[in-house]
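These notes are about the structure you will find just below.
The values are calculated or read from the model by the stated rules, or taken from the named source; none is laboratory data. This one's a predicted model, so the numbers in the text were calculated from it and none came from an experiment. Cβ placement follows ideal geometry from the backbone for every residue including glycine, while neighbour counts extend to all protein chains displayed. Side chains included, ligands, DNA and RNA excluded: accessible areas come from the protein's heavy atoms. Shrake-Rupley method; radii C 1.70, N 1.55, O 1.52, S 1.80 Å.
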Amino acid sequence: MKNLLVTGGAGFIGVNFIRYLLEESDYEGRIINLDKLTYAGNPESLCDIETNYADRYVFVKADIVDRDSLSVIFDKYEIDGICHFAAESHVDRSIASPDEFINTNIIGTYNLLELSRERGGRIKQFHHISTDEVFGSLEEEKYFTELTSYKPNSPYSASKASSDHLVRAYFKTYELPITISNCSNNYGPFQFPEKLIPLMILNTLEDKALPVYGDGLNIRDWLYVRDHCTAIWTIMDKGRIGETYNIGGRNEMENIKVVEMICDYLDVIVGTRPNREKRRSLISFVTDRPGHDRRYAIDSTKINNELGWKPVESFETGLLKTIKWYLDNEEWVENVRSGEYLDWIKAHYS
Ligand code: NAD
Ligand code: DAU
């Protein structure tokens, strides 16, 4: 691949992936980062990359729902590989307002597939980024494997499941060279503070309530974002075409434990609350998310055994790195929280 299209590269995982590819991996080609810049996309996160890799990195503001614009971009940049992150990604937003989820996650993916199909053998690989949420909630079964049947429970996960099925169908029907990965919950630098971990870090720092849904006993399997990025690149590099790979960290944790760990680490790193109470006193149990999946846990045996991938970070080391990143990057946090980066987008990309 010489010209890799990364969709959604201004979002949390996309930013980390582009950084990994350019700064650490053996990929030598060019990256075309295509992003609509929704509230979750922040190209400022890649300002230094834009300068330092001017010959190998280009940003294009575009919407994957707009097939005509996409088609021009495919040809202009001679796209020969795709890593597809672009999506509406927040479950709570999908419950409040599913429209954009259906448009971007299903129609947007369909557009990318159609344009790839139309270009015959020019697209060497189409890697689709998906989620463990397509499998629904784990009860009797121990772990999600690649053979677990799909039972999505939210508009978000249903839209991701639809896109996974389309991608697989384009392999079976048209022999488009696809791979798919289904990953567990990511955390780390550049995550938008609507998701559990950054929201809790920032709220504790501001002495605000920490809203834990329901009884706080829902379980997620946490993976540090750089480990997700190495897994994606491993699949793109060595994975078998037409295959799906599950990616997880074997870090199952109840939400309440995650929030308590964040409180305890911050008590040590920056001190207790102004009134010397421990930060755990900020925890507040709130109304549960409708349809809230109880437990996710990934079996990554296939990618471990076939491709030799393993995560590097434990939950403790990854969480400490994440907390440190949010403490060290006050300006990024401030811009995202105040929406100031939206002005920056207007100035640079309108
Ligand atoms: P994010 O919400 O942080 O970023 C999504 C990016 O996609 C943003 O930059 C946004 O501007 C862009 N985008 C949205 N709609 C678009 C459109 N119509 N056209 C072009 N760009 C558009 O999401 P994330 O957490 O980085 O997730 C990236 C991918 O990984 C998603 O497909 C998500 O389903 C998947 N995933 C996420 C996690 C996780 O824990 N965050 C875990 C597993 C899989
Ligand atoms: O499992 C992978 C998925 O992980 C990805 O596909 C999604 O894109 C990503 O958003 C994430 O989904 P979750 O719904 O699991 O992540 P979120 O951070 O929203 O919530 C994590 C858990 O914490 C979940 O059980 C809900 C709970 N929660 C979340 C928030 C924001 C709270 O208790 N309080 C909160 O304020």
- Task: Take region 286-317 and flag every residue that is open to solvent by 70 Å² or more (accessible area, probe 1.4 Å), among the acidic types (Asp, Glu) and within 22 Å of Thr179 (Cβ to Cβ).
- Result: Glu306
- Task: Residues being under 16 Å from Gly108 (Cβ atoms) and within 16 Å of ligand 2 (Cβ to nearest atom): count how many of those fall in region 14-34.
- Result: 1
- Among (1) farther than 18 Å from Asp66 by Cβ; (2) in contact (Cβ under 8 Å) with a residue 24 or more places away in the chain; (3) polar (S, T, N, Q) - the single one Thr148 does not satisfy: (2)
- Item | Residue among Pro198, Pro211 that alone is open to solvent by less than 30 Å² (accessible area, probe 1.4 Å), touching a helix residue (DSSP H, G or I) at 6+ places or on another chain (Cβ under 9 Å) and within 12 Å of ligand 2 (Cβ to nearest atom) | Pro198
- Any chance region 223-230 includes a residue that's crowded, with 18+ Cβ neighbours inside 10 Å, within 10 Å of ligand 2 (Cβ to nearest atom) and among the β-branched types (Val, Ile, Thr)? no
- Item | Failed condition for Val72, given (1) open to solvent by 20 Å² or more (accessible area, probe 1.4 Å); (2) touching a residue at least 60 places away in the same chain (Cβ under 8 Å); (3) among the hydrophobic types (A, V, I, L, M, F, W, C) | (2)
- Message: Here is a check on your reading of the model: is Phe171 within 15 Å of ligand 1 (Cβ to nearest atom), aromatic (Phe, Trp, Tyr) and either at pLDDT 95 or above or under 13 Å from the mean Cα position of the chain (by Cα) (or both)?
- Response: no
- Criterion (of a type in the set (Val, Ile, Thr), closer than 21 Å to Ser163 by Cα and touching a residue at least 12 places away in the same chain (Cβ under 8 Å)) met by exactly one of Ile18, Ile82, Ile31: Ile82
- Might you let me know whether region 318-327 holds any residue that is open to solvent by 90 Å² or more (accessible area, probe 1.4 Å) and more than 19 Å from the chain's Cα centre (by Cα)? yes
- Pairs where the first residue, in region 235-264, is within 17 Å of Gly188 (Cα to Cα) and assigned to a helix (DSSP H, G or I) and the second is at pLDDT 95 or above and open to solvent by 40 Å² or more (accessible area, probe 1.4 Å), C-beta under 7 Å, 6+ apart: Asn255/Leu196; Val258/Leu196; Cys263/Lys278; Cys263/Arg280
- Message: Filter region 182-224 down to the residues that are aliphatic (A, V, I, L, M) and touching a Gly at 6+ places or on another chain (Cβ under 8 Å) and list them by number.
- Response: Leu223
- Note on the structure: Selection from region 105-116 of residues open to solvent by 10 Å² or more (accessible area, probe 1.4 Å) and in contact (Cβ under 8 Å) with a residue 60 or more places away in the chain yields Ile106
